[in-house]
Amino acid sequence: MSAALAPPEAVQPPRDAAAFQALTGASDAQMADLERFRVLLEEGNAVMNLVGPSTLPEFWNRHAWDSAQLLRLAPGAKVWADLGAGAGFPGLVLAILLKGAPGARVHLVESMAKRCRFLATVAEALDLPVEIHNRRAEELALSVDIVAARACAPMVRLLGYARPFLTRGAVGLFLKGQDVAAELKDAAGAWKFDYTLHPSLSDPRGRVVELKGLTRVR
């Protein structure tokens, strides 16, 4: 069941670090961590496929703000899981913005070892509150407040990965593109769930799927 789509806020996507800081209220220390992450991403992307090279100049909107917007939907959440963490979006951005908050923890779940090594490099360099799991998501038994994912898999498969988290009480926040309606329709053939669509604040074509109550269709 879908709630009505609310109109987006009048938010101008950030084009640079200063605009990102003004929009999010990030501290100077958090901005320094994000800038260091940006540099490490550029260095890592030169030797492995982490993100599309053309997206690097758009870091502050395409990657940082796209990830950070999830905190607006779950401001009280402290323990997160990022499935298919890849280059660290949204997980590393969330960890930077939650750093120092009591009880904050971000579980980065990634099946590719070389990407886990990149995540570990960033986490160690920035002393982030993360735990990296070089495993398949469906093999984990973790209790978290929010399970998130971006560019991980089509919804019908993503829900299979997220099922262990959702059945333990987590709420799903999944960043999706313009094909979200077709993905949800396809997923409804295999799963029952309640969801709300939120406009993406980083891309007018995108949506954030807030999802809970997952069961298999029998």
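In this simple spin-label model, placing a label point 7 Å from the Cα along the Cα-to-Cβ direction at both E42 and A151 gives a separation of 1.8 nm.
Distances longer than 29 Å among the Cα atoms of the chain: what percent of all pairs is that? Of all Cα-Cα distances in the chain, 21 percent exceed 29 Å. Only DSSP H runs of four or more residues enter the estimate; each adds -39500 (n - 2.57), and after division by the residues of the chain the mean residue ellipticity at 222 nm equals -10000 deg cm²/dmol. Computed extension gain for A18 through A101, at 0.36 nm per residue and net of the alpha carbon distance, reaches 27.6 nm.
Bear in mind these aren't lab numbers, they're just calculated from the coordinates by the rules spelled out. The shown structure was predicted, so the numbers you read here are calculated from the model rather than taken from an experiment. Positions of Cβ are backbone-derived with ideal geometry, glycine not excepted, and every protein chain shown enters the neighbour counts.
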